[in-house]
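First comes the structure, then the notes that go with it.
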Amino acid sequence: MDYGLLIIGIALLWVSFLVGIKKQTWLLAGFNEKKINNKKLLGKVTGGGFFLPVGLLIVINSMIDYPHEGTILILAILVLLTIVYVFINRRLLD
């Protein structure tokens, strides 16, 4: 069991709760708040569509050992990030 990954996963699950449920969009860096039309949808997409699956994936990955786990984890995170990025750029920006 990798305790470092477990702590990171729990932190990402906490961020998912804050962004997705509590709509604390100030935790998200790198976007212009004036260009976002629907901040509630932004919270749902980033909290529930990115931080929640990545947090769960990291927590599960901390408990299970398998070959090439680092590569698979990074690839899964990049795929989720790309999907969320494209969705936000197509649906939520002016």
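The values are calculated or read from the model by the stated rules, or taken from the named source; none is laboratory data. None of the values given here were measured: they were computed from a predicted structure. Backbone-built Cβ (ideal geometry, glycine too); neighbour counts: all protein chains shown. Side chains are part of the model used for accessible areas, which takes the heavy atoms of the whole protein and leaves out ligands, DNA and RNA. Shrake-Rupley method; radii C 1.70, N 1.55, O 1.52, S 1.80 Å.
Worth pointing out:
- Heavy-atom accessible area order for LYS34, LYS40, largest first, 1.4 Å probe: LYS34, LYS40
- Estimated from helices alone, the mean residue ellipticity of the chain at 222 nm is -18000 deg cm²/dmol (sum of -39500 (n - 2.57) over DSSP H runs with n ≥ 4, per residue).
- ³J(HN,Hα), Karplus 6.51/-1.76/1.60, whole Hz, each residue of the range 50-60, x for Gly, Pro: 10, 5, 5, x, 5, x, 5, 4, 6, 5, 5
- Taking the C-alpha atoms only, the angle from helix 69-87 to the longest principal axis of the chain is near 10 degrees.
- Tail fraction, Cα-Cα pairs, the chain, threshold 17 Å, whole percent: 52 percent
- Nearest-10 value in Å² for the accessible area of ILE77, using the 1.4 Å probe: 50 Å²
- Multiplying the residue separation of TYR85 and LYS39 by 0.36 nm and subtracting their alpha-carbon distance yields 15.1 nm.
- Taking all protein chains into account, the per residue accessible area for the chain stands at 68 Å² (1.4 Å probe).
- Surface share of carbon and sulfur [accessible, 1.4 angstrom probe, percent] for the chain: 69 percent
- Contact order normalised by residue count of the range 9-79, Cα under 8 Å, 6+ apart, percent: 41 percent
- Other residues whose C-beta falls under 14 angstrom from the C-beta of GLN24 contribute a net charge of +4, scoring Lys and Arg +1 and Asp and Glu -1.
- Cα centroid separation - the range 61-94 against the range 16-42, whole Å: 18 Å
- List LEU13, LEU78, ordered by accessible area with a 1.4 Å probe, largest first: LEU78, LEU13
- Counting only heavy atoms of the protein chains and using a 1.4 Å probe, TYR3 has close to 150 Å² of accessible surface.
- The chain: most fluctuating residue of GLY70, GLY48, GLY30 per GNM, C-alpha cutoff 10 Å: GLY30
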